[in-house]
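> The structure follows.
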Amino acid sequence: MERQQTLLKKYEALVSEWNTISLVCSVAFSACFIGVVLGLIFYNTSAIAISIVVMFVFGGFEYKSRKEYVEIKEDLEEEMFKLAGMKKARTKELIRKGLWW
């Protein structure tokens, strides 16, 4: 029972952390898009270039953090299934790896 509570708390913390990271990246990406639009309106090439570079940086950061989130989430789910004495279905794993496409 104690192990289940620990896993549940880890899972909740992971989801909370991911929501925060996702929100920050979304706000930053939106601000950069507004910077691109303002750069286009005022014909400022440097503002456009900087906004696009920052967009790519935040896009890469979100991709990296999403990848880590999925890996950690799958590990936690696997532990939960082991604790319950069940086997995790491999369908999602096969689709994610591209074996069914």
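Just so it is clear, none of the values below were taken in a lab; they were calculated from the coordinates. Small disclaimer: the values here were computed from a predicted structure and weren't measured. As a convention, Cβ positions derive from the backbone with ideal geometry for all residues, glycine included, and neighbour counts pool all protein chains shown.
> Once both labels are modelled 7 Å past Cα along the beta-carbon direction, what's the Ile52-Leu38 spacing in nm?
About 1.9 nm separates the two model spin labels.
> Determine the sum of side-chain charges near Arg3: Lys and Arg each +1, Asp and Glu each -1, restricted to other residues whose C-beta is under 13 angstrom from that of Arg3.
For residues surrounding Arg3, the net value is +1.
> Determine the calculated [θ] at 222 nm for the chain from helices alone, applying -39500 (n - 2.57) to every DSSP H run no shorter than 4 residues and normalising by the residue count; nearest 500 deg cm²/dmol.
Roughly -30500 deg cm²/dmol at 222 nm, from the helical runs in the chain.
> Now a separate question. Just add up the charged neighbours of Ser22: K/R +1, D/E -1, any other residue whose Cβ is under 9 Å from the Cβ of Ser22.
Local charge sum for Ser22: 0.
> Follow-up. Note down the net charge around Ser65, summing +1 for each Lys or Arg and -1 for each Asp or Glu among other residues with Cβ under 14 Å from its Cβ.
For residues surrounding Ser65, the net value is 0.
> Taking only Cα atoms of the chain, what ratio of Rg to Rh do you get with Rh as the Kirkwood inverse-distance radius?
1.19
> Okay, moving on. Kindly express, to the nearest 10 degrees and within the range 0 to 90, the angle between helix 2-41's C-alpha long axis and the longest C-alpha principal axis of the chain.
So the helix axis and the longest Cα principal axis differ by about 10 degrees.
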